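Heads up: the structure comes next, in structure tokens.
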């Protein structure tokens, strides 16, 4: 995703966030800071992590006050250490203070996702398994949060319901059987890869017999995952999902699955601690 595409996706969120926070005006700053006062500041990392969302933070400051100069000192996807300056700012002091919280909210949230993703990626580094996100994203934030996953070294699963066929248990129930669900998906004319969710080895065998491209192994224990890999013998890509944590992800990768999808990357990542400090 280019910076321009990222900012385009973020634009309505920035507008809504500023309207929510600013309302009719920043009463504290307007009461205390003289109009025309200038200031300089830096955004500091206060914990180790991976940056994501720096262009969005800069855009927030520019939306509030066009005269603010925002100079990144690092790039999205790069590691940061406590005390490291990630951006320098200068311009109207009222604008700096008014934009501070909204800018940091975007930056801390997205950097937190990138940081958590990087830890999962590091944990499976000795294996070919790819770390994937899911659709368990904050409503309206999907493009941004999936961008942050990529900054952390992960890859994106489907962006929405439109770019991949994923047949889950409720689809199978609605169709009456897995075979019928797959038949209907193929008959629809959608030229997309088909993935099927299974919970047992018997369901895996049925999915493999249908020739689907990918199988999601839902909440299987390690022994069952190893057996699934053995039975698949490369006939379909296998994705482990459900109950994945930093404590067990290495063992899951060691079973030989091709992908590991983790909803927690986006729905449970803690924010990375960053702050704005005025220099003068």
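Of everything in region 182-202 that is touching a helix residue (DSSP H, G or I) at 6+ places or on another chain (Cβ under 7 Å) and surrounded by fewer than 21 Cβ atoms within 10 Å (Cβ to Cβ), the residue that is nearest to residue 243 (Cα to Cα) is 201. Among residues of region 127-142 being touching a helix residue (DSSP H, G or I) at 6+ places or on another chain (Cβ under 9 Å) and without any contact (Cβ under 8 Å) to a residue 40 or more places away in the chain, the one that is surrounded by the fewest Cβ atoms within 10 Å (Cβ to Cβ) is 135.
Scanning region 268-280 for residues that are touching a helix residue (DSSP H, G or I) at 6+ places or on another chain (Cβ under 9 Å) and surrounded by fewer than 17 Cβ atoms within 10 Å (Cβ to Cβ) gives 268, 270, 273, 275, 278. For region 81-98, filtering for residues that are more than 11 Å from residue 42 (Cα to Cα) and either in contact (Cβ under 8 Å) with a residue 60 or more places away in the chain or not assigned by TED's automatic domain parsing to the domain that holds residue 29 (or both) leaves 4. Check region 23-45 and report whether any residue there is under 22 Å from residue 269 (Cβ atoms) and surrounded by fewer than 14 Cβ atoms within 10 Å (Cβ to Cβ). Within region 23-45, not a single residue is under 22 Å from residue 269 (Cβ atoms) and surrounded by fewer than 14 Cβ atoms within 10 Å (Cβ to Cβ). For region 238-248, the count of residues that are out of contact with any strand residue (DSSP E or B) (no Cβ under 6 Å at 6 or more places or on another chain), modelled with pLDDT of 95 or more, surrounded by fewer than 17 Cβ atoms within 10 Å (Cβ to Cβ) and not in a loop (DSSP other than H, G, I, E, B) is zero.
Being free of Cβ contacts under 8 Å to residues at least 12 places away in the same chain and either in contact with a helix residue (DSSP H, G or I) (Cβ under 8 Å, 6 or more places away or on another chain) or under 16 Å from residue 39 (Cβ atoms) (or both) is a property that holds for residue 66. The set of residues in region 63-93 that are surrounded by fewer than 19 Cβ atoms within 10 Å (Cβ to Cβ) and not in a loop (DSSP other than H, G, I, E, B) comprises 63, 69, 71, 72, 79, 85, 88, 90. Among the helices (runs of 4 or more DSSP H) lying completely within region 162-234, list those that include at least 1 residues that are modelled with pLDDT of 95 or more and more than 25 Å from residue 249 (Cα to Cα). Because the criterion is at least 1 residues that are modelled with pLDDT of 95 or more and more than 25 Å from residue 249 (Cα to Cα), the helices (runs of 4 or more DSSP H) in region 162-234 that meet it are 169-175, 178-187, 201-209.
The residue that is farthest from residue 267 (Cα to Cα), counting only those in region 128-155 that are part of a loop (DSSP other than H, G, I, E, B) and within 8 Å of the chain's Cα centre (by Cα), is 133. Residues in region 6-42 that are part of a strand (DSSP E or B) and out of contact with any helix residue (DSSP H, G or I) (no Cβ under 7 Å at 6 or more places or on another chain): 40, 42.
Here is a list: 112, 154. Which entry is crowded, with 17+ Cβ neighbours inside 10 Å, under 25 Å from residue 245 (Cα atoms), in contact with a strand residue (DSSP E or B) (Cβ under 9 Å, 6 or more places away or on another chain) and in the same structural domain as residue 260 (by TED's automatic domain parsing)?
154
The values are calculated or read from the model by the stated rules, or taken from the named source; none is laboratory data. None of these values were measured; they are calculated from a predicted model. Note: ideal-geometry Cβ built from the backbone for every residue, glycine included; neighbour counts use all protein chains shown.
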